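Since the structure comes first, as structure tokens, the remarks are kept for the end.
The values are calculated or read from the model by the stated rules, or taken from the named source; none is laboratory data. If you're wondering where the values come from, they're calculated on a predicted model, not measured in any experiment. Note: ideal-geometry Cβ built from the backbone for every residue, glycine included; neighbour counts use all protein chains shown.
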């Protein structure tokens, strides 16, 4: 979809004298542009998360395993263990990503990754989403991810290039 209607924009007069709303034209961002923006955001988030995990490990005395020590048995054991550190840090990572996405989309309409790639989130009227709509959209990320990432993969097949989170929140990702 390349157009979004603008309700509060100037109107044009049709041949029969009826007033028709002016139409805003946008180019929606495709799957690969959005995936690239997500990768950039991941590159920003992961060092922050690693620093927080290191600080949390130092504060609690729980040692973080080195990369060569991580095996399937270790990961399964830490997940099954009651209040295991893997579960705790996985939840912390989800919270960090949630806050990152919500704050940037609510404040600017784009995360740093979206800004670098040259895309932004807008409503049907071409305006940045409100904080409430941004919150709904961010919860939509959780739904999209919980469905085995199909909510994100959907973008590649949807005619309007919208993911499940976009449909839930009524947003589009367009080129800036």
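Do we find that residue 163 is under 13 Å from the mean Cα position of the chain (by Cα) and at positive phi in this structure? The answer is no for residue 163.
Per the listing 113, 77, 109, the residue uniquely modelled with pLDDT of 95 or more and more than 15 Å from residue 42 (Cα to Cα) is 109.
For the range 129-152, filtering for residues that are within 13 Å of residue 103 (Cα to Cα) and either part of a helix (DSSP H, G or I) or modelled with pLDDT under 95 (or both) leaves 9. When residue 126 is tested against (1) at pLDDT 95 or above; (2) under 20 Å from residue 29 (Cβ atoms); (3) crowded, with 16+ Cβ neighbours inside 10 Å, exactly one condition is not met: (1). On the basis of being in contact (Cβ under 8 Å) with a residue 60 or more places away in the chain, closer than 19 Å to residue 151 by Cα and buried (at least 19 other Cβ atoms within 10 Å of the Cβ), does residue 117 make the cut? It is false that residue 117 is in contact (Cβ under 8 Å) with a residue 60 or more places away in the chain, closer than 19 Å to residue 151 by Cα and buried (at least 19 other Cβ atoms within 10 Å of the Cβ). A count restricted to the range 146-161 and to residues that are surrounded by 15 or more Cβ atoms within 10 Å (Cβ to Cβ) and touching a helix residue (DSSP H, G or I) at 6+ places or on another chain (Cβ under 7 Å) stands at 5. Looking only at residues in the range 82-97 that are at pLDDT below 70 and in contact with a helix residue (DSSP H, G or I) (Cβ under 9 Å, 6 or more places away or on another chain), the one that is nearest to residue 138 (Cα to Cα) is 86. Can you confirm whether the range 35-49 contains a residue that is in a helix (DSSP H, G or I), modelled with pLDDT of 70 or more, more than 30 Å from residue 173 (Cα to Cα) and more than 14 Å from the chain's Cα centre (by Cα)? Looking for residues that are in a helix (DSSP H, G or I), modelled with pLDDT of 70 or more, more than 30 Å from residue 173 (Cα to Cα) and more than 14 Å from the chain's Cα centre (by Cα), one finds none in the range 35-49, hence no.
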